[in-house]
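The values are calculated or read from the model by the stated rules, or taken from the named source; none is laboratory data. All of these numbers come straight from a predicted model, not from anything done at the bench. Cβ coordinates were reconstructed from backbone atoms using ideal geometry, including for glycine residues, and neighbour counts include every protein chain displayed. These accessible areas exclude ligands, DNA and RNA; they are computed on the full protein's heavy atoms, side chains included. Shrake-Rupley method; radii C 1.70, N 1.55, O 1.52, S 1.80 Å.
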Amino acid sequence: MELRHVDEEILQELLLVAVNDAVPGEVMPPVAGPPGWTTKRQEAFLAWHRVRRPGLAGPLHECTFAIINDGRIVGSARLARHDGQDVLETGMWLARSERGRGIGTATLRKLLDEAASAGARAVIAETTADNAAALAALRNNDARLTPHQDSTHVRAQLVLDETQPPSSASPNP
C-alpha cells in the first residue's frame with residue numbers, strides 16, 4: 001500500500017474509480033443537481049483535487065493522495081492544516097469493493113508518516129459514530145476518540161511520536 005500525490009494522470013484514474021465504485025457523497029463535497037455522477041459532479045471532483053495540488057504550502061494548505069494497493073488506485077486521502085502549522089486534519093475514502101481489507105488502517109499509518117514529515121505534532125479526523133470501519137482504522141492507529149455532543153459524530157486525535165522517524169513516507173512526483 002502506498003500514497004501518491006494526485007497529478008493529472010492519477011486524477012483521471014481516481015475519477016474512474018470514484019465513478020465506477022463509489023457514491024459522490026462519499027468522496028466529495030455536495031454538488032447541486034440530480035443524483036449520481038453527472039458531468040457537473042465529475043468536473044467538480046476534478047476541480048476539487050486540482051486546486052489542492054500545491055499541497056500543504058499552497059493557498060488552501062491541503063494536499064490529496066491517491067491510495068494505491070497492489071498497483072491499483074483504490075481511493076483517496078487528504079491532509080489539511082488545522083489550527084496552525086502543527087495540527088493536520090485528515091480524511092479518506094475507499095472504493096466500495098476495496099473496503100474491509102485493512103487498507104484504511106494502512107493508509108492512516110502512511111498519512112501519519114506524511115504528517116510527521118510535514119512537522120505536525122498531531123492529526124485529527126472526524127467520522128460518524130456508525131462508521132465502524134473508520135473507527136477501527138482510527139483505533140488501530142491509537143487514536144483518542146471523543147463523541148460529539150450530537151452523538152452522531154466522533155472526533156479522533158492522533159498524537160505523533162516525535163521520537164520515531166516516519167516508517168516510509170510516500171514519494172513525491
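Given the options G84, A136, A44, identify the residue whose Cα lies farthest towards the positive end of the charge dipole of the chain (+1 on Cβ of Lys, Arg; -1 on Cβ of Asp, Glu).
A44
Between A47 and E9, what length in nm is gained on full extension when 0.36 nm per residue of separation is reduced by their alpha carbon distance? Show your work: numbers first, answer last.
Details: separation 38, 0.36 × 38 = 13.68 nm, distance 1.39 nm.
Working it through step by step, the gained length comes to 12.3 nm.
Taking a probe of 1.4 Å, how large is the accessible area per residue of the chain, in Å²?
53 Å²
Counting only protein heavy atoms and a 1.4 Å probe, tell me what percentage of the chain's accessible area is made up of carbon and sulfur.
Ligands and nucleic acids excluded, carbon and sulfur give 52 percent.
Could you give each residue of segment 98-110 its phi-based ³J(HN,Hα) in whole Hz, using Karplus coefficients 6.51, -1.76, 1.60 with θ = phi - 60°, and x for Gly or Pro?
9, 6, x, 10, x, 5, x, 4, 5, 5, 4, 4, 5
Could you sort H148, H5 by accessible area so the largest value comes first, with the probe set to 1.4 Å? Provide the component values of the computation, followed by the final result.
Working: H148 65, H5 45 Å².
Ranking H148, H5 by accessible area, largest first, yields H148, H5.
Please give the per residue volume of the convex hull enclosing the alpha carbon atoms of segment 1-134, rounded to a whole number of Å³.
Hull volume over Cα atoms, normalised by residue count, gives 116 Å³.
Step through the residues of segment 52-65 one at a time and calculate ³J(HN,Hα) from phi using the Karplus curve (6.51 cos²θ - 1.76 cosθ + 1.60, θ = phi - 60°), rounding each to whole Hz and writing x for Gly and Pro.
9, 4, x, x, 4, 7, x, x, 8, 6, 8, 9, 10, 10
³J(HN,Hα) across segment 22-29 via Karplus (A = 6.51, B = -1.76, C = 1.60, θ = phi - 60°), whole Hz, x for Gly/Pro?
Working through the residues one at a time gives 7, 9, x, x, 7, 10, 7, x Hz.
Name the residues of segment 105-120 whose amide N is less than 15 Å from a point 7 angstrom out from the Cα of A136 along the C-beta direction?
Only 105-108 pass the distance filter.
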